[in-house]
Amino acid sequence: MNRVVSAHQWQVELDALRVDEKAHTKASDALAARRRRLPMVEVDKEYAFAGPAGPVSLLDLFDGRRQLITYCFMWHGAEDHCAGCSMFADNIGHLAHLHARDVSLALVSRGPLGEIRPFQRRMGWTIPWVSSLGTDFNADMGAGGGFALNVFLREGDTVYRTYCTTGRGVEALGSSWTFLDLTPFGRQENWEDSPSGHPQSEPYQWWRLHDEYDGA
């Protein structure tokens with residue numbers, strides 16, 4: 001059991017901890033700034049995913065936006081669902097906030113769409129989800145038979161891979177902020193240390209209720 005102290009001593013120790021927490025936040029901001037400056041690699045292979053409405057390309061997953069996050073969701077069969085990937089999906093916030101910053105997000109699984117769709121309905125997830133069965137996408141994107149999160153940038157019809165993480169790198173993700181911090185353009189707020197020419201605006205001003213964004 002933790003120590004029991006006076007309210008004054010508790011505040012003293014909380015304030016000391018807060019110094020380290022603020023340092024951690026600033027270090028995270030600095031890492032995000034480095035991430036926004038990473039070089040990128042062109043994705044020159046064509047991937048044909050299976051979607052609910054038919055064949056889908058990687059370019060289609062952008063849904064007209066400039067940035068895309070994909071999460072390779074582990075798939076081992078209709079009766080063997082990955083609890084870890086499911087927890088990740090459960091923690092994804094409302095996509096309208098990402099869309100407002102020109103970011104799309106999609107799940108990708110190396111399993112039959114006929115197995116994926118019933119599970120998606122059971123879980124109540126509305127996140128776009130496609131099957132990569134028969135493609136090299138998962139292997140090419142660092143997932144293999146496991147899981148991985150990748151970020152892409154689109155310039156016209158050319159797609160670039162800008163970031164990838166797996167393992168504990170995905171544990172803290174889920175909020176719109178954590179996803180935006182992985183993207184080439186970041187949160188697009190003018191306090192961020194971003195390369196010249198990246199889109200930026202005042203903080204707070206772009207925030208909306210999720211049903212109040214244009215086109216929501």
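The values are calculated or read from the model by the stated rules, or taken from the named source; none is laboratory data. On a predicted model such as this, the values are computed, not experimentally measured, just so you know. Neighbour counts run over all protein chains shown; Cβ positions are idealised from the backbone, glycine included.
For the stretch 176-197, a residue qualifies if it is assigned to a loop (DSSP other than H, G, I, E, B) and surrounded by 13 or more Cβ atoms within 10 Å (Cβ to Cβ), and the qualifying residues are D181, L182, T183, P184, F185, G186, R187, Q188, E192, S194.
One residue is enough: does the stretch 165-173 have a residue meeting the conditions more than 15 Å from the chain's Cα centre (by Cα), surrounded by fewer than 14 Cβ atoms within 10 Å (Cβ to Cβ) and free of Cβ contacts under 8 Å to residues at least 12 places away in the same chain? So far as the stretch 165-173 goes, no, none of its residues is more than 15 Å from the chain's Cα centre (by Cα), surrounded by fewer than 14 Cβ atoms within 10 Å (Cβ to Cβ) and free of Cβ contacts under 8 Å to residues at least 12 places away in the same chain. How many of the residues in the stretch 73-90 are out of contact with any Ser or Thr (no Cβ under 9 Å at 6 or more places or on another chain) and in a helix (DSSP H, G or I)? Of the residues in the stretch 73-90, 7 are out of contact with any Ser or Thr (no Cβ under 9 Å at 6 or more places or on another chain) and in a helix (DSSP H, G or I). Keeping to the stretch 132-186, report how many residues are out of contact with any Pro (no Cβ under 9 Å at 6 or more places or on another chain), among the hydroxyl-bearing types (S, T, Y) and closer than 19 Å to R36 by Cα. Selection size over the stretch 132-186: 7. Filtering the stretch 40-56 to residues that are surrounded by 12 or more Cβ atoms within 10 Å (Cβ to Cβ) and in a loop (DSSP other than H, G, I, E, B) leaves M40, V43, Y47, A48, P52.
Yes/no per residue for (1) surrounded by 21 or more Cβ atoms within 10 Å (Cβ to Cβ); (2) outside any loop (DSSP other than H, G, I, E, B):
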| site | (1), (2) |
| --- | --- |
| H97 | no, yes |
| R101 | yes, no |
| P118 | no, yes |
| R121 | no, yes |
| L133 | no, no |
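Kindly check whether there is at least one residue in the stretch 136-150 that is in contact with a helix residue (DSSP H, G or I) (Cβ under 7 Å, 6 or more places away or on another chain) and surrounded by fewer than 19 Cβ atoms within 10 Å (Cβ to Cβ). Yes, the stretch 136-150 contains at least one residue that is in contact with a helix residue (DSSP H, G or I) (Cβ under 7 Å, 6 or more places away or on another chain) and surrounded by fewer than 19 Cβ atoms within 10 Å (Cβ to Cβ).
Of all residues in the stretch 161-169, one or more are in contact with a Phe, Trp or Tyr (Cβ under 8 Å, 6 or more places away or on another chain) and assigned to a strand (DSSP E or B).
Which one of G174, G156 is modelled with pLDDT under 95 and not polar (S, T, N, Q)?
G174
Out of everything in the stretch 60-83 that is under 17 Å from the mean Cα position of the chain (by Cα) and of a type in the set (A, V, I, L, M, F, W, C), what residue ends up being farthest from D44 (Cα to Cα)? Checked the stretch 60-83; the qualifying residue farthest from D44 (Cα to Cα) is M74. Need the failing condition index for L107 against (1) without any contact (Cβ under 8 Å) to a residue 40 or more places away in the chain; (2) assigned to a helix (DSSP H, G or I); (3) within 20 Å of E79 (Cα to Cα), just the number. Here L107 meets the rest and fails (2). Restricting attention to the stretch 5-39, the residues that are polar (S, T, N, Q) and not in a helix (DSSP H, G or I) add up to 1.
Annotation note: of G145, G93, the sole residue that is in contact (Cβ under 8 Å) with a residue 12 or more places away in the chain, in a loop (DSSP other than H, G, I, E, B), within 17 Å of C164 (Cα to Cα) and of a type in the set (G, A, S) is G145.
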